[in-house]
Amino acid sequence: MTLDIRKIRNDFPILSQTVHGKPLVYFDNAATTQKPTSVIEAEADVYRKFNSNIHRGVHHLSNVCTEAYEEVRKKVADFINAESKEEIIFTKGTTESVNLLSSSFGGSFLKEGDEVILTEMEHHSNIVPWQLLEKRQGIKVKVLPVSDKGELDVEAFKGLVSFRTKMVAVTHISNVMGTINPIREIIELAHLKDVPVMIDGAQAIHHVPVDVKSLDCDFYVFSGHKMYGPTGVGVLYGKRKWLKEIQPYQGGGEMIDKVAFSGTTYNDLPYKFEAGTPNYAGVIGMGAAIDYLLTNDRESIWSYEHELFEYALEKMKTIPGIRFIGEAENRTSVISFLLGNSHPFDVGTLLDKLGFALRTGHHCAQPLMDKMGIPGTVRASFAFYNSREEVDRLVEALNRVGAMLG
Ligand code: PMP
């Protein structure tokens, strides 16, 4: 099925504006995606029609709101093919999901000398929470290196896993290079030694098929705002056997069974991990984003995005002085580059004046930048509302910018 990009673009009101007098070209989708009208309306409708705190009410509005919130839990479970909706924990986003996991899993199972394996291409949000555990509990973070092409070495991974390894946490797709990591092999290898694996799906959930049951990952985390949903909402998927065992992250209302000064007991899954009033409007908005994605044929979205990425790569190769950061065989959706000796910030600023939204900097992946020996990159990242014409315009603009900066 071919996608009607013109029609899809009409669903995203923000895209039709001009910036500095030029039509906006939004290529910063790895940072956050734009929202279709249906998502904006779904969130607004909560406040317009049935805003009420969830779970605790006996009254009509609270019941409507609770039902809408819990329906999304089921929707998310189906979306990633989880075994049950009890395995879906709503969080503020990927960052909070990783912090929840490191804190709760760490507090329950990790002790001094235990090791957690990360990779050199992780986003800071999948590095720093584990480093906090190093400080707090004396665990050790081990790092799987990235090759110059931007790939992980599965053989090296085998050598890194030992009887001390208690967790492997790896990104599905690199937010800098677009590398699609061999997570299925990594999960299989880790499981041979009974080590659980967390996958950071922030850049993957909307670009490739995600089936947690088939992957057999123990945890999978992602953010609503990267998949056309609202900000401030995300997901931690965890296998029930783990979620049942690990201690709660935060204490407060809703996560309890019975509170007493003589001792408190906790609520069942998933509520044990959802202390306080959640961002129910955001969750309901994320449900609308899933509905939106499902109204389009997902296979067509994935292949369109990948074709657009390959088209952009080929076209961008013609730009004088361009150097790509990350050239993995298996990659998608993100292109990081440098233009001659120009600073990424200068390139980004000039592009902005021409109406382009691209990100520049270290992309919250400083260890990867250090490895590559660069301070940062310019990053173009694509979504299915982007078009070939926009790519052509970017290539033309980059030629101009390159000539200007010399
Ligand atoms: N991991 C990856 C791979 C990401 O790209 C991002 C967002 N740039 C995050 C984690 C953090 O996501 P959030 O800021 O939504 O918590």
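I need the phi-derived Karplus couplings for region 308-313: 6.51 cos²θ - 1.76 cosθ + 1.60, θ = phi - 60°, integer Hz, Gly and Pro marked x.
With coefficients 6.51, -1.76 and 1.60, one gets 5, 4, 5, 4, 4, 4 Hz.
Would you mind getting me the FRET efficiency between residue 260 and residue 58? Use the beta-carbon distance for r and R0 = 35 Å, nearest 0.05. Before the final figure, lay out the partial values.
Numbers: r = 24 Å, r/R0 = 0.68.
Given R0 = 35 Å and the Cβ-Cβ separation, E is 0.90.
Can you pull out the GluC sites (Glu not before Pro) in region 326-406 whose DSSP state is coil and whose Cβ has at most 13 other Cβ atoms within 10 Å?
Values: sites: 327, 329, 389, 390, 396; in loops: 327, 329.
Within region 326-406, the qualifying GluC sites (Glu not before Pro) (loop, at most 13 other Cβ atoms within 10 Å) are 329.
Rounded to whole Hz and in sequence order, give me ³J(HN,Hα) for region 140-148 from the Karplus expression 6.51 cos²θ - 1.76 cosθ + 1.60, θ = phi - 60°, writing x for Gly and Pro.
So the Karplus estimates, Gly and Pro as x, are 10, 8, 10, 10, 7, x, 10, 6, 4 Hz.
Could you give the distance between the Cα centres of region 131-183 and region 95-123, to the whole Å?
11 Å
Once amide H atoms are placed 1.01 Å from N in the peptide plane, what residues at a sequence separation of 5 or more from residue 19, or on another chain, have their amide H within under 5 Å of its amide H?
Amide H neighbours of residue 19, under 5 Å, 5+ apart: 24.
Mind listing the long-range amide H neighbours of residue 117? Cut-off is under 5 Å, sequence gap 5 or more, other chains count too, H placed in the peptide plane at 1.01 Å from N.
142, 166, 167, 168, 169
Quick one: Cα centre-to-centre distance for region 229-268 and region 359-406, in angstrom?
40 Å
Given a 10 angstrom Cα cut-off, can you work out which residue in 104, 125, 300 is the most mobile in a GNM of the chain?
300
May I have the extent of the alpha carbons of the chain along their three principal axes, as whole Å values ordered from largest to smallest?
The Cα atoms of the chain stretch 72, 55, 36 Å along their principal axes.
Using per-residue counts of other Cβ atoms within 10 Å, averaged over each peptide, order 110-120, 147-157 from highest down.
Result, highest mean first: 110-120, 147-157.
As an exercise, use a Förster radius of 25 Å and the Cβ-Cβ distance of residue 392 and residue 4 to find the FRET efficiency, rounded to the nearest 0.05. Present the calculation step by step, with values, prior to reporting the outcome.
Numbers: r = 19 Å, r/R0 = 0.78.
The value I calculate is 0.80.
Rounded to the nearest whole Å², what accessible area per residue is found for region 190-340 with the 1.4 Å probe? Walk me through the numbers before you get to the answer.
Working: 5950 Å² over 151 residues.
Result: 39 Å² per residue.
Give the carbon-plus-sulfur fraction of the accessible surface of region 40-294 in %, rounded to a whole number; probe 1.4 Å, heavy atoms of protein chains only.
Numbers: 5290 of 10310 Å².
Using a 1.4 Å probe with all protein chains present, region 40-294 comes out at 51 percent carbon and sulfur.
Between residue 135 and residue 346, 0.36 nm times their residue separation minus their Cα-Cα distance comes to what? Intermediate results must be reported in sequence, preceding the final value.
Working: separation 211, 0.36 × 211 = 75.96 nm, distance 3.79 nm.
Between residue 135 and residue 346, full extension yields an extra 72.2 nm.
Would you grab the residues whose amide H sits under 5 Å from the one on residue 234? Only those 5+ places off in sequence or on another chain, please, with H modelled 1.01 Å from N.
91, 92, 93, 224
Residue by residue through region 5-18, what is 3J(HN,Hα) from phi via Karplus (6.51 cos²θ - 1.76 cosθ + 1.60, θ = phi - 60°)? Round to whole Hz and write x for glycine and proline.
5, 4, 5, 4, 4, 5, 6, 10, x, 5, 6, 8, 8, 9
Measuring from label point to label point, each 7 Å out along Cα→Cβ, what is the residue 231 to residue 44 span in nm?
1.8 nm
The values are calculated or read from the model by the stated rules, or taken from the named source; none is laboratory data. All of these numbers come straight from a predicted model, not from anything done at the bench. Cβ sites come from the backbone with ideal geometry, for glycine too, and all protein chains shown count toward neighbours. The protein model used for the area step is the full one, side chains on, heavy atoms only, and it has no ligands, DNA or RNA in it. Shrake-Rupley method; radii C 1.70, N 1.55, O 1.52, S 1.80 Å.
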